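The values are calculated or read from the model by the stated rules, or taken from the named source; none is laboratory data. Predicted model, so just to flag it, every value in this text is computed and none were measured. Every residue, glycine among them, receives a Cβ derived from its backbone with ideal geometry; neighbour counts consider all protein chains shown. In case anyone asks, the SASA skips ligands and DNA or RNA and just uses the protein heavy atoms, side chains included. Shrake-Rupley method; radii C 1.70, N 1.55, O 1.52, S 1.80 Å.
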Amino acid sequence: MKTLETILPTLHNLFIEQLPLYIEKINKEKNDGIILPPFQNKTLFENCQKLPYYKLTFEEAEYTEKDRIIENTVFKLCFEIRIDKNTDEHLINFARYEEAVKTAIKEGAYDEVLEITKTNLKNCTIYIRFTL
């Protein structure tokens, strides 16, 4: 059975290595004067205070009867984006960050990711469901 430690390299690759590339790609594609700044985080669980940054937390882990048979654990992660909400573009910025996360997951072929279960615009939160 896999453990939480086995997904950490995948998360590092996704959020630290790949996501900045997708943010840059979206900036070039949109080319409308709104530039998404890269996240200030340098590690997955850094307690960053300079905007924009993200906070990654593990919400829960499930281990159902079916999962015991095939030795899977389902982890739910919260990817909370902190952006400057005092700008006129903060809704556009959140939507573009969300697009960058979804595209990075989809194009990166992360087998562990089952789905993005929901987003919460008010809290600028993206929930991601992983299976290990």
Subset of region 1-34 (residues that are part of a loop (DSSP other than H, G, I, E, B), exposed (fewer than 13 other Cβ atoms within 10 Å of the Cβ) and of a type in the set (A, V, I, L, M)): 1
Of residues in region 44-79 being open to solvent by 70 Å² or more (accessible area, probe 1.4 Å) and in a strand (DSSP E or B), the one modelled with the highest pLDDT: 55
